[in-house]
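Single-structure report; data block below.
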Amino acid sequence: MTDLHSYQPAKGHGLKHDPFNAIIAPRPIGWISSCDAEGRVNLAPYSFFNAFNYHPPLIGFSSTTWKDTVANIQRTGEFVWNLVTMDLAQAMNATSASVPHEVDEFSLGNLTKLDSELVKPPRVAESPVSFECKLSEIIRLKGADGVEVDAWLTIGEVVMVHIDKRLIEDGVYQTAAARPIVRAGRRGDYFEIRPDAMFEMVRPA
């Protein structure tokens with residue numbers, strides 16, 4: 001029989017680091033740009049992020065605590081997701097700093113703002129892929145007991161997609177060619193997706 005480390009999360013994990021977010025790995029990074037009602041820009045990464053539907057295309061991220069990004073999106077109904085690549089890893093990390101509301105994280109990461117076409121928040125010009133999004137809903141999360149927790153799931157519909165044409169070959173987007181990075185666990189672990197790590201499995205008929 002396998003020797004298992006088993007625990008109830010509510011009673012503690014008994015390890016040096018909580019393994020939960022290391023087990024659910026890798027996780028895409030939600031690098032979200034938004035604006036407040038006065039037009040001040042915010043850029044922040046979220047490690048609880050993913051895609052949820054094809055038609056309409058829906059993406060979402062969860063914020064643990066009510067942060068500027070969620071507040072901005074609630075007020076304006078718009079945001080942009082920007083793909084984080086290996087080349088942008090340090091810039092992304094710089095934008096994760098806890099800074100006052102008026103600080104522009106684009107400056108922290110030495111990044112360039114690029115106007116969006118259908119929404120007000122700017123795109124990260126250095127990012128090879130961006131999704132312009134309109135707010136679908138913001139959901140406050142709850143435990144199994146129905147008690148609300150200090151976390152909000154923000155879901156948006158992708159209304160405009162921008163892809164660097166160098167990542168498209170024969171009409172197919174090359175996921176690994178962008179060298180995206182994804183979140184692992186602990187305080188600062190990441191993975192890089194590379195072409196040599198890709199493999200294909202076709203679904204059974």
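Annotations for the structure displayed:
- q = 0.08, 0.14, 0.16, 0.17 Å⁻¹: log10 I(q)/I(0) that the Debye formula gives for the chain, counting C-alpha atoms only: -0.31, -0.91, -1.15, -1.26
- Per-residue ellipticity at 222 nm computed for the chain from its helices equals -2500 deg cm²/dmol, with DSSP H segments shorter than 4 residues left out and the rest contributing -39,500 (n - 2.57).
- Sequence of Tyr7, Tyr46, Tyr54 once ranked by neighbouring C-beta atoms within 10 Å, starting from the fewest: Tyr54, Tyr7, Tyr46
- Added length on full extension, which subtracts the Cα-Cα distance from 0.36 nm per residue, Gln74 to Ala205: 42.9 nm
- Net charge of Cβ neighbours under 13 Å - reference Leu111; Lys, Arg +1; Asp, Glu -1: -2
- Net charge, Pro56 excluded, C-beta distance under 12 Å - Lys, Arg +1, Asp, Glu -1: 0
- Label positions at Leu118 and Asn50, each projected 7 Å from the Cα along the C-beta direction, are separated by 2.4 nm.
- Inter-label distance for Ala176 and Asp87, nm, one decimal - labels placed 7 Å from Cα along Cα-to-Cβ: 1.9 nm
- Binning the alpha carbon pair distances of segment 132-175 at 10 angstrom intervals from zero yields the distribution 22, 26, 25, 18, 9, 0, expressed in whole percent.
- Positive-end residue of Val70, Ala37, Leu15, charge dipole of segment 1-111 with Cβ unit charges: Leu15
- Distance from segment 1-27 to segment 84-161 (C-alpha centre basis), Å: 28 Å
- Rounded to 0.05, the FRET efficiency of the Glu102 and Ala197 pair, given R0 = 30 Å and the Cβ-Cβ distance, is 0.15.
- Simple spin-label estimate for Asp164 and Thr65 in nanometres, 7 Å along Cα-Cβ: 3.3 nm
- Here r is the Cβ-Cβ distance between Val147 and His17 and R0 is 25 Å; the resulting FRET efficiency, rounded to 0.05, is 0.50.
- Rounded to the nearest 20 debye, the dipole size of segment 117-186 about its Cα centre is 240 debye, using +1 on the Cβ of Lys and Arg and -1 on the Cβ of Asp and Glu.
- Cα-centre dipole for segment 1-129 with unit charges at Cβ (Lys and Arg positive, Asp and Glu negative), debye to 20: 360 debye
- Normalised contact order of the chain, rounded percent, pairs of Cα under 8 Å and 6 or more residues apart: 23 percent
- With 0.36 nm allotted per residue and the present C-alpha distance subtracted, the Asn110-Tyr7 stretch has 32.8 nm of extension available.
- Each Lys or Arg adds one and each Asp or Glu subtracts one; over the other residues with Cβ under 15 Å from the Cβ of Asp87, this totals 0.
Here, each number is a calculation from the coordinates, and none is a lab measurement. Predicted, not measured: the structure shown is a model, and the values here were computed from it. Quick reminder, even Gly has a Cβ in these numbers, built from the backbone with ideal geometry, and neighbours come from all protein chains shown.
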